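S.K.: This is the structure I have questions about; it appears just below.
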Amino acid sequence: MSDGARWRSSDNTVVDALPYVDHEYADPQLKREVERLIDEEMSRSSKRPVDFLQDLPPLPSSNLLQARNNLAFLHAFLTLALSEGPLVAKALERLRAGRPPLALDLSRYGVQAPPVGKRNDLYEWNDYLRKAKVQLEYQTMRIENLELMLQYSGNTWRAHNQRLEAYFSKLQSIARAFSQQIESLNRDRKLNQQAAATVLTHLRSQWVEICQKNNDIDAACTELEAEIESLHEQASQRYSSWSKVSKQ
């Protein structure tokens, strides 16, 4: 039995399976029975499905797993840092309460002349002038960004695409390496289990032969015991007859 097909859980239960040899798994009736037993055991257990994974051997460390852990830590850190702000705290509280998000206030981005009744109000005109300057600055920044995009966006996107392609190629190589390892592992498991099946078949045939021999020996012993018992009875009868003759 290979080590890959055998491990011991926390309750000292040995999990021993030969899926490449045990063809009973393909039986629909047996499969339903196994699923029923699993559901029944899980309904009685206090463990969650994720808790069963803790009994399995640990996964080998890799750069990909390390990167995923780093991203998870970064996400948790940013979540904790942002949750300290009042705006984020209010937004999270609103989401937890199930209330819809607040609409963005776009009034400060609009430039509208004061109403007719406030055309002589200097404060209204100053506010109008301030919003107009803000919009002018926004438009100036947009023009500068467009000019920068026209000048540098092509090379920037090409460099970005090259990085994405390199990252994609790296992921493909990692996936191919894992696929090769999985295929090699499954091939080794199949070969080991097929070799074990040959041994098990030979041992089973020996067991059947030995059981047959034991049955034959048991039958012969029973026959001999019956014959011995018959001889004892005959001897007893002859002894009784001889005793009677001797007394006469």
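Read-outs throughout are calculated quantities, based only on the coordinates presented, and are distinct from any laboratory measurement. Fair warning: this is a prediction, and the values are worked out from it, not measured in the lab. When we count neighbours, we look across all protein chains shown, and the Cβ atoms used for this are built from the backbone with ideal geometry, even at glycine.
S.K.: Under a crude label model (7 Å from the Cα following the beta-carbon direction), how far is D39 from Y109 in nanometres?
M.R.: About 5.4 nm separates the two model spin labels.
S.K.: What net charge is computed for the residues neighbouring L231, neighbours being all others with C-beta under 12 Å from the C-beta of L231, Lys and Arg scored +1, Asp and Glu -1?
M.R.: Within the 12 Å Cβ shell, the charges total -3.
S.K.: Using only the alpha carbons of the range 174-248, determine the length spanned along each of the three principal axes and report them from longest to shortest in whole angstroms.
M.R.: The Cα atoms of the range 174-248 stretch 108, 12, 8 Å along the principal axes, largest first.
S.K.: Then there is this: From the residues I182, A195, Q212, which one has its Cα farthest along the dipole of the range 169-214 in the positive direction, the dipole being from +1 and -1 charges on Cβ of Lys/Arg and Asp/Glu about the Cα centre?
M.R.: I182
S.K.: Count the net charge of all other residues whose Cβ sits under 13 Å from the Cβ of E24, scoring Lys and Arg as +1 and Asp and Glu as -1.
M.R.: Net local charge, E24 excluded: -1.
S.K.: To continue, here is another question. Tell me, what HN-Hα J-couplings in whole Hz come from the Karplus equation 6.51 cos²θ - 1.76 cosθ + 1.60 at θ = phi - 60° for each residue of the range 178-187, using x for Gly and Pro?
M.R.: 5, 5, 5, 5, 5, 5, 5, 5, 5, 5
S.K.: Related question: Compute the length gained on full extension between V199 and A177: take 0.36 nm times their separation in residues and subtract their Cα-Cα distance, giving the result in nm to one decimal.
M.R.: Values: separation 22, 0.36 × 22 = 7.92 nm, distance 3.28 nm.
So the chain would gain 4.6 nm between V199 and A177.
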